[in-house]
Amino acid sequence: MTWFNTNAAHNLINVLILLLTGLVGFDWTMFGIDAALALKITGVLTLLKILMNVVRDGVAG
């Protein structure tokens with residue numbers, strides 16, 4: 001999968017974050033999770049993006 005690089009991973013994570021935060025107004029129990037867990041997942045995805053930036057570009061970025 002040469003097309004799946006860190007930029008593609010960032011874009012995928014952005015879409016996941018957008019979906020999770022966009023659905024906050026809905027009943028999360030439909031998806032088997034509560035709103036607090038959804039926010040934790042969003043936080044982990046955001047942290048993952050930051051760590052990917054540090055590894056790829058260095059701390060000075």
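Across segment 22-39, the qualifying residues are those that are assigned to a helix (DSSP H, G or I) and exposed (fewer than 12 other Cβ atoms within 10 Å of the Cβ), and the one among them that is modelled with the highest pLDDT is ALA36.
Taking each residue of segment 4-15 that is within 13 Å of ASP57 (Cβ to Cβ) and looking for partners that are surrounded by 12 or more Cβ atoms within 10 Å (Cβ to Cβ) with beta-carbon atoms closer than 8 Å, six or more apart or interchain, yields THR6/MET52; THR6/ARG56; HIS10/LYS49; HIS10/MET52.
So, of the residues in segment 1-21 that are of a type in the set (Ser, Thr, Tyr) and modelled with pLDDT under 80, which turns out to be surrounded by the fewest Cβ atoms within 10 Å (Cβ to Cβ)? Among those residues, the one meeting the criterion is THR2.
The values are calculated or read from the model by the stated rules, or taken from the named source; none is laboratory data. Computed from a predicted model, the values in this text were never measured in an experiment. No Cβ is skipped: glycine too gets one built from the backbone with ideal geometry, and neighbour counts run over all protein chains shown.
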